[in-house]
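*Asks:* The structure is given below, and queries will be raised subsequently.
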2 protein chains.
Amino acid sequence: MAGRRSDTRERIQQVALDLFVEQGYEKTSLREIAERLGVTKAALYYHFRTKEDIVSSLLDDLAESMDEVLAWAREQEDPAGAREELIRRMAALVEGRFGPVMRFMQDNQPAMKEFRGRNPLFERMQELFKIIGAGERDPATQLRGRLALVALIMGNAPHFWADTPVSEPGKVALEVALELVSPRGRTAGEAT
Amino acid sequence: MAGRRSDTRERIQQVALDLFVEQGYEKTSLREIAERLGVTKAALYYHFRTKEDIVSSLLDDLAESMDEVLAWAREQEDPAGAREELIRRMAALVEGRFGPVMRFMQDNQPAMKEFRGRNPLFERMQELFKIIGAGERDPATQLRGRLALVALIMGNAPHFWADTPVSEPGKVALEVALELVSPRGRTAGEAT
DNA sequence: GTCTATAGTTGGATAGAC
DNA sequence: GTCTATCCAACTATAGAC
């Protein structure tokens, strides 16, 4: 339709993300990205001002998708039900085209430090955890909420099941993530 | 007693680890390590052949401590009880002087890739997960086992509780980790 | 929109004096 | 055991032609 100028920008994002996931952010050079794309470094600089800008664009895309999920969550009335469906929708993102970005974030936290506070994604993350935590002050609940997301990310990583092949990794990941946010035989506020 | 030559080697390890945790492995240069120590880069090279060797030495120390834990675990007869105590002993390591190393590993997985297969620590890790998994083929159990360790690492990271101050983070981490390895209202083999 | 060429910086590592 | 001095490789980023 309208904007069919060039998909080079998106191809750069895709190739860069592939390499970031494979080898990590710091170990991936712009030369490598350019080589795999069949262009030169200078070409990359036409589309992105810096290496960090490539990452920013990746995070922005995820932030946009999370916004939709959070918008839905905000207008729910039943908190418990919303929490569960929220996990399901995040699972869909991880299983879908955002799995690699989230794996990249998880595995390259020192690199992410630069973007924390500068990129809108991290406010979204905070809101996500706030909703999952359901206003609980109980620290164990907080920790379980964070772990639920880790479960989705780890459980959907192909590398994770390298030894023990599994037919539906996404299903396993979701199962464990849901356990973590929905108390079963656990009382919310009970400590020790 | 016997070997009181110089503690420089250990001071290098300590300072390097501090910086690796603070800023990540790749972002930390040997110049920085030397500066904080008040020596020059060349001095570092007397004690360690390469930057990677510094990391190796850190991993070796952890591997040694894990060996003791695993040796104990191997000679237990009750698998369920051993599993729980195994988590408690790992929790002690994370709360003790090995917390930083484990946080470093968790946060710098691309850097760890180089050591996987070359450093004995990773065989120990595999054995740990095998015991925690208790021979279960159920993938969800495998995932929960891995998450239990993540719970200990995340829950003991000072940074993690920055927003919500908690009096005893280690206790919370242990609580959640134990839930993950000891089924409560969950049947081991039940799928879906 | 992509190229060549290159500037400018930083990092890991070594040689050799002390 | 620690230093000065230096080498070399690699990377990000820019200038300017096409």
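*Asks:* Pick out the one residue from B:P110, B:P169, B:P183, B:P165 that is of a type outside the set (A, V, I, L, M), touching a Phe, Trp or Tyr at 6+ places or on another chain (Cβ under 7 Å) and within 11 Å of another protein chain (Cβ to nearest Cβ).
*Replies:* Numbers: B:P110 fails: touching a Phe, Trp or Tyr at 6+ places or on another chain (Cβ under 7 Å); B:P183 fails: touching a Phe, Trp or Tyr at 6+ places or on another chain (Cβ under 7 Å); B:P165 fails: touching a Phe, Trp or Tyr at 6+ places or on another chain (Cβ under 7 Å).
Step by step, each of B:P110, B:P169, B:P183, B:P165 is checked, and only B:P169 is of a type outside the set (A, V, I, L, M), touching a Phe, Trp or Tyr at 6+ places or on another chain (Cβ under 7 Å) and within 11 Å of another protein chain (Cβ to nearest Cβ).
*Asks:* Right, next: Considering A:R11, A:R5, which residue is modelled with pLDDT under 95 and either within 14 Å of chain B (Cβ to nearest Cβ) or more than 16 Å from DNA strand D (Cβ to nearest atom) (or both)?
*Replies:* From the options A:R11, A:R5, the qualifying one is A:R5.
*Asks:* Let me ask something else about it. Which of (1) closer than 30 Å to B:V181 by Cα; (2) assigned to a helix (DSSP H, G or I) does B:E77 not meet, given it meets every other one?
*Replies:* Single failed check for B:E77: (2).
*Asks:* Please verify whether B:S56 is polar (S, T, N, Q), crowded, with 17+ Cβ neighbours inside 10 Å and either modelled with pLDDT under 95 or in the same structural domain as B:Q126 (by TED's automatic domain parsing) (or both), treating the condition exactly as stated. Full working, then the answer.
*Replies:* Details: polar (S, T, N, Q): yes; crowded, with 17+ Cβ neighbours inside 10 Å: yes; either modelled with pLDDT under 95 or in the same structural domain as B:Q126 (by TED's automatic domain parsing) (or both): yes.
Yes, satisfied.
*Asks:* Within the range B:138-166, can you find the residues that are at pLDDT 95 or above and hydroxyl-bearing (S, T, Y)?
*Replies:* The answer is B:T141, and nothing else.
*Asks:* Going by what's in this entry, would A:E64 be described as more than 14 Å from DNA strand D (Cβ to nearest atom) and among the charged types (D, E, K, R)?
*Replies:* Details: more than 14 Å from DNA strand D (Cβ to nearest atom): yes; among the charged types (D, E, K, R): yes.
Against the criterion (more than 14 Å from DNA strand D (Cβ to nearest atom) and among the charged types (D, E, K, R)), A:E64 qualifies.
*Asks:* Out of everything in the range B:19-34 that is touching a Pro at 6+ places or on another chain (Cβ under 9 Å) and of a type in the set (A, V, I, L, M, F, W, C), what residue ends up being nearest to DNA strand D (Cβ to nearest atom)?
*Replies:* Step by step, filter the range B:19-34, then rank; the result is B:F20.
*Asks:* On to the next question. Quick test for you: out of A:L30, A:L58, A:L19, pick the one residue that is within 14 Å of chain B (Cβ to nearest Cβ) and either more than 24 Å from the chain's Cα centre (by Cα) or not charged (D, E, K, R) (or both).
*Replies:* Details: A:L30 fails: within 14 Å of chain B (Cβ to nearest Cβ); A:L58 fails: within 14 Å of chain B (Cβ to nearest Cβ).
Criteria check complete, one pass: A:L19.
*Asks:* Could you list, in sequence order, the residues of the range B:39-53 that are more than 8 Å from DNA strand D (Cβ to nearest atom), buried (at least 16 other Cβ atoms within 10 Å of the Cβ) and part of a loop (DSSP other than H, G, I, E, B)?
*Replies:* Across the range B:39-53, the qualifying residue is only B:F48.
*Asks:* For the range A:3-38, which positions are surrounded by fewer than 17 Cβ atoms within 10 Å (Cβ to Cβ) and assigned to a loop (DSSP other than H, G, I, E, B)?
*Replies:* Residues satisfying the conditions are A:G3, A:R4, A:R5, A:S6, A:D7, A:K27, A:S29, A:G38.
The values are calculated or read from the model by the stated rules, or taken from the named source; none is laboratory data. The structure displayed is predicted, hence computed values, not measured ones. Cβ: placed from backbone, ideal geometry, glycine included. Neighbour counts: every protein chain shown.
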